[in-house]
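Below is one structure; the comments refer to it alone.
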Amino acid sequence: MKKKLLCMLMATAMTATLLAGCGGGSSAGTDSAAEPTTDNTAAADTAAADTAADDTAADDMAAADTTAAGGGKVGVAMPTKDLQRWNQDGSNMQAELEAAGYEVDLQYAANDIATQVSQIENMINSGCQLLVIASIDGDSLGTVLEQAKEKEIPVIAYDRLIMNSDAVSYYATFDNYMVGTKQGEYIRDQLDLDNAAGPFNIELVTGDPGDNNARYFFGGAMDVLQPYIDAGKLVVKSGQTDFETVATANWSTETAQARMDAIISANYADGTKLDAVLCSNDSTALGVENSLEANYTGDWPIITGQDCDIANVKNMIAGKQSMSIFKDTRTLASKVVEMVDAIMKGGEAPVNDTETYDNGKGVVPSYLCEPVFADVNNYKELLVDSGYYAESDLQ
Ligand code: BGC
């Protein structure tokens, strides 16, 4: 019965998927990856180490749980421990899946595509019955996911859409386009672009070109800002405006910092005021802030971000970053666990968008969580009162 429903679900989700029998055998869990930590913050180091330590013990406990609850084994593939958020995503999901009775194989891939592919292959071959994957490069998983499809293992793309594969059953994320529009609107409102005379100088920094999300973030922000650029109210002095030029490989803080160093020395070293920097996320914002601190002497610009990483919230409190988008990883993890549970029990996963995310093989049914913006006025309520961080984390 369960088998039949799962087949129906996959067939609905991906239209042409033909299934002859579902589910996979269980086998001894592979231990979670001990990705070497190369984090650039002490906080991230601690989080990563905690996660790695927890993984082993949790695997053992989960195996026992699985027997008791008969839940099954779920593979969770995360891109890297370098960024604080993925550590939170991974550990939240592991805790919630285990509480729901599932065994969890949680892996981090050090932002290395080949590592992620082989981790997924291991998950498929070690009896995982469902995969939750936050891809490093959305275009690089097609081949390995063919194997998942052959074994009728459903795949949920987590946060980042997996492109050009018909093995993806669902997508769960925060509304990526809305993240970008909120960043653009923040800059528009802070500079009062509809009323102030201007012109204002702005520079643009977005994320990794292999991450499908980056185009949504940048696209959403530019849909708000482009009309002001066209009207001459916003000026990009560097002239760097197209996605490929303003992208940041691997969302690297150091790469964003080096690019900003060059932009400042070519355009703002003479005292020209920089009014705003659109940064698509916190790791790139941190690079921009480091660069400004070292090279820029004018009034501090408005700087956007995303993730509410601890280092960036501290900078927000210190007046060095204006806002960050808060994507409560607890919300996303809970939603994904709900989706996993529904699929594993033979039902359909909850979705709220069946139009937006076409991965090149068709629209992937999605659940989009709503992001909110945090700034110095509301961070306490959003981040501390909600228990996301302790006050001491931010000191
Ligand atoms: C995520 C962001 C994150 C970025 C870098 C994106 O796919 O949606 O939250 O900041 O990757 O890891």
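None of the figures in this text is laboratory data; all of them are computed from the coordinates on show. No experiment lies behind these values; they were computed from the predicted model shown. Cβ sites come from the backbone with ideal geometry, for glycine too, and all protein chains shown count toward neighbours.
Summary of computed values
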item: Dimensions (Å) - the stretch 305-370, Cα atoms, principal axes, largest first; result: 49, 27, 15
item: Compactness index (Cα Rg / 2.2 N^0.38 Å), the stretch 142-195; result: 1.81
item: Sorted by Cβ neighbour density within 10 Å, fewest at the top, the residues 105, 353; result: 353, 105
item: Neighbour-count ranking [beta-carbon atoms within 10 angstrom, fewest first] of 76, 363; result: 363, 76
item: Solution diffusion estimate, µm²/s, Stokes-Einstein, the stretch 299-338, Kirkwood Rh from C-alpha pairs, 25 °C, viscosity 0.890 mPa s; result: 219 µm²/s
item: Stokes-Einstein D for the stretch 100-199, Kirkwood Rh over Cα pairs, 4 °C, 1.567 mPa s (µm²/s); result: 82 µm²/s
item: Stokes-Einstein D in µm²/s, Kirkwood radius over Cα pairs - the stretch 239-391 at 4 °C with 1.567 mPa s viscosity; result: 73 µm²/s
item: Contour minus Cα-Cα distance for residue 265 and residue 363 (0.36 nm per residue); result: 30.9 nm
item: Built amide H within the under 5 Å cut-off of residue 76, gap 5+; result: 105, 106, 107, 132
item: Over the stretch 234-311, equivalent-ellipsoid semi-axes from the Cα gyration tensor in Å; result: 19, 14, 12
item: Order of 304, 329 - criterion: other Cβ atoms within 10 Å of each residue's Cβ, fewest first; result: 329, 304
item: Protection proxy ranking, peptides 275-283, 242-250, average beta carbon neighbours within 10 Å, highest first; result: 275-283, 242-250
